[in-house]
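Student: Here you go, one structure.
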Amino acid sequence: HPTSHGTTLTDTALGDLAADVLRANDMGGWTKAAPLLYPHQWSWDSAFVAIGWAQVDVRRAMTEQQRLFEAQWANGMVPQIVFNPLAGPDSYFPDPARWAVEVSPDAPVGVAETSGICQPPVHAIAVARIWEVAAGTEAEADVRAEIRTLFPKLMAWHRYLAEHRDPSGSGLVTTYHPWEGIDNSPRWDAVLERLEVGDVPAYVRRDLSHVADAGQRPSNDAYDRFLWLLELLKRHRYDDAAIHRSYPFLVKDVFLTSVLVMANQALLGLADAVGATSSARAEIESWIARGRSGIASTVDTETGLAYDLDLGTGTPVEIRTFAGLCPLLDAESGDRDRALKNLDSEAFAGHPDLRWAMVPSTSPLEECFDPRNYWRGPVWPIVNWLYWRGLRDGGDLVRADALREASLDSLRHVGFAEYFHPVTGEALGSAMQSWTAAVALDWLA
Ligand code: 9WN
């Protein structure tokens, strides 16, 4: 399990260790999310991983994204998982057979198999960061050429989220499944609780053998519900219109939407780099405006937190998690001041018991706070990277620097764990998690 490196570890040594993690998980053109627990290419992991590769080998960073987008669906969706054909069916569950995405006419053929859902769109943010690193170096021309081929694919991806995932034009992206990023977050408890779980074909969980104890992962009951939803998505042939018509897990996701706003801002920068048309620019700007007003509509007047909207009941999901701070991901959000107060408060990074002043996945003040269980309490470094970016882009340099320092200090002590205990700093989940190493490399740059 991860070693504790202590405060004596220099920045250079930390960076070397992080680069070693990426190299160890490198499959040649794409990177496993983790050595054993996650032996495939995950969508938002690969975006963070590309940000890390940019500091090691900027061309390799672009390849990471090109490989992911080879598996993009015909409707523009970038799948949550691109399966490693060499990993074998017992390496991870659910496997391609369970997803059976060939029921959809949009699933890719002739490339690696994929799952049938997606994850937060960090990719344009990653590519813009790669471009920043490459500009002015000998790699500039090559990277620009790569971005030119990727740009229309990024447009199609964002269009998928703006249109297929928001048929009513609310400005808010609908999520269909906890595996779209924040697995067992208490944000989903109420809607999962309401499910009437039908027949789920028998299955064996593969994840539990790769963590020290089952208490760090979602419960078996949660897995049954996740897999029942998978069966329903499959019955709908992964068709967004059919899913929006009748399906029991439809949540307007404030975090996904805010990442999309940030990613669209990055995409505008890339539009300049590749000399995109004015109509492409106008389309991106319209997505930003819509997303921004969508998020504004979710901010609770009393607490200043952004709450997801449960479309099943038409009510906001009033749970304090990191997602509630998402106005901070938009430099021009009108709700930043209150979000900053929440960030500093005891409900989040200002809680006196926290070992480092970082954003925990779920507020320590929530009754369901569970500091060793996955998205129900532990700190996830990648989430803190996004908030660090949001603080910096919004001009809050003092807070941004403090968050970066706290995060680097945590990584020196914890190592490159998937997530960690917010109070004790105990490393949790997988060791040698690629995206954790990747954000360390970017913070050190
Ligand atoms: C399901 C790979 C992924 C991350 C997710 C994280 C976790 C998978 C799992 O690992 O989810 O996608 O099996 O638990 O929740 O955000 O992308 O690191």
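The values are calculated or read from the model by the stated rules, or taken from the named source; none is laboratory data. Only a predicted model underlies this, so the values are computations on that prediction, with no experimental measurement involved. FYI the Cβ positions are ideal-geometry reconstructions off the backbone, even for glycines, and counts take in every protein chain you see. Calculation scope for accessible area: heavy atoms of the full protein, side chains included, ligands and nucleic acids excluded. Shrake-Rupley method; radii C 1.70, N 1.55, O 1.52, S 1.80 Å.
Student: Could you list all residues from segment 113-126 that are within 16 Å of the ligand (Cβ to nearest atom) and either part of a helix (DSSP H, G or I) or polar (S, T, N, Q) (or both)?
Tutor: Correct list: T114, S115, Q119, H123, I125, A126.
Student: Please enumerate the residues belonging to segment 61-88 that are surrounded by 21 or more Cβ atoms within 10 Å (Cβ to Cβ) and assigned to a helix (DSSP H, G or I).
Tutor: A61, M62, E64, Q65, L68
Student: Okay, next question. Taking R129, is it assigned to a helix (DSSP H, G or I) and either within 16 Å of the ligand (Cβ to nearest atom) or open to solvent by 60 Å² or more (accessible area, probe 1.4 Å) (or both)?
Tutor: Criteria not met by R129.
Student: Give the residues of segment 233-264 that are farther than 22 Å from A74 by Cβ and surrounded by fewer than 23 Cβ atoms within 10 Å (Cβ to Cβ), sorted by residue number.
Tutor: Across segment 233-264, the qualifying residues are S246, P248, L250.
Student: I'd like the full set of residues that are within 10 Å of the ligand (Cβ to nearest atom) and in a helix (DSSP H, G or I), limited to segment 14-46.
Tutor: S43, W44, D45, S46
Student: If you don't mind, there's one more thing I want to ask. All but one of (1) open to solvent by less than 10 Å² (accessible area, probe 1.4 Å); (2) under 21 Å from R67 (Cα atoms); (3) touching a residue at least 60 places away in the same chain (Cβ under 8 Å) hold for T174; state the number of the condition that does not hold.
Tutor: Among (1) open to solvent by less than 10 Å² (accessible area, probe 1.4 Å); (2) under 21 Å from R67 (Cα atoms); (3) touching a residue at least 60 places away in the same chain (Cβ under 8 Å), T174 violates only (2).
Student: Would you tally the residues in segment 89-126 being open to solvent by 30 Å² or more (accessible area, probe 1.4 Å), farther than 17 Å from I243 by Cα and in contact (Cβ under 8 Å) with a residue 24 or more places away in the chain?
Tutor: Going through segment 89-126 one residue at a time, the tally reaches 5.
Student: If you go through segment 164-188 one residue at a time, how many are outside any loop (DSSP other than H, G, I, E, B) and either aromatic (F, W, Y) or out of contact with any helix residue (DSSP H, G or I) (no Cβ under 9 Å at 6 or more places or on another chain) (or both)?
Tutor: Residues that pass the stated criteria total 2.
Student: Would you be able to say whether some residue in segment 336-349 is modelled with pLDDT of 95 or more and within 22 Å of R165 (Cβ to Cβ)?
Tutor: Within segment 336-349 (the criterion being modelled with pLDDT of 95 or more and within 22 Å of R165 (Cβ to Cβ)), the answer is no, since none of the residues qualifies.
Student: Continuing with this model, one more query. Failed condition for W157, given (1) away from the ligand (no atom under 16 Å from the Cβ); (2) open to solvent by 70 Å² or more (accessible area, probe 1.4 Å); (3) in contact with a His (Cβ under 8 Å, 6 or more places away or on another chain), with all others met?
Tutor: (2)
Student: For segment 183-232: of the residues being farther than 24 Å from A431 by Cβ and of a type in the set (G, A, S), which is surrounded by the fewest Cβ atoms within 10 Å (Cβ to Cβ)?
Tutor: In this case the residue turns out to be A202.
Student: Hey, another quick one. Could we say that I147 is assigned to a loop (DSSP other than H, G, I, E, B) and open to solvent by less than 10 Å² (accessible area, probe 1.4 Å) here? Break it down into steps so the answer makes sense when it comes.
Tutor: On the way: assigned to a loop (DSSP other than H, G, I, E, B): no; open to solvent by less than 10 Å² (accessible area, probe 1.4 Å): yes.
In short, no.
Student: Looking at segment 211-223, can you tell me whether even one residue there is among the hydrophobic types (A, V, I, L, M, F, W, C), modelled with pLDDT under 95 and away from the ligand (no atom under 14 Å from the Cβ)?
Tutor: yes
Student: Same structure again: Can you find a residue in segment 417-433 that is on the phi > 0 side of the Ramachandran plot and away from the ligand (no atom under 16 Å from the Cβ)?
Tutor: The answer is yes; a qualifying residue exists.
Student: Filter segment 167-193 down to the residues that are more than 12 Å from the ligand (Cβ to nearest atom) and acidic (D, E) and list them by number.
Tutor: Of everything in segment 167-193, those that are more than 12 Å from the ligand (Cβ to nearest atom) and acidic (D, E) turn out to be D189, E193.
Student: Check E318, E302, E346 and return the single one that is free of Cβ contacts under 8 Å to residues at least 60 places away in the same chain and either buried (at least 24 other Cβ atoms within 10 Å of the Cβ) or under 29 Å from L411 (Cβ atoms) (or both).
Tutor: Details: E318 fails: either buried (at least 24 other Cβ atoms within 10 Å of the Cβ) or under 29 Å from L411 (Cβ atoms) (or both); E302 fails: either buried (at least 24 other Cβ atoms within 10 Å of the Cβ) or under 29 Å from L411 (Cβ atoms) (or both).
When all the criteria are applied, what remains is E346.
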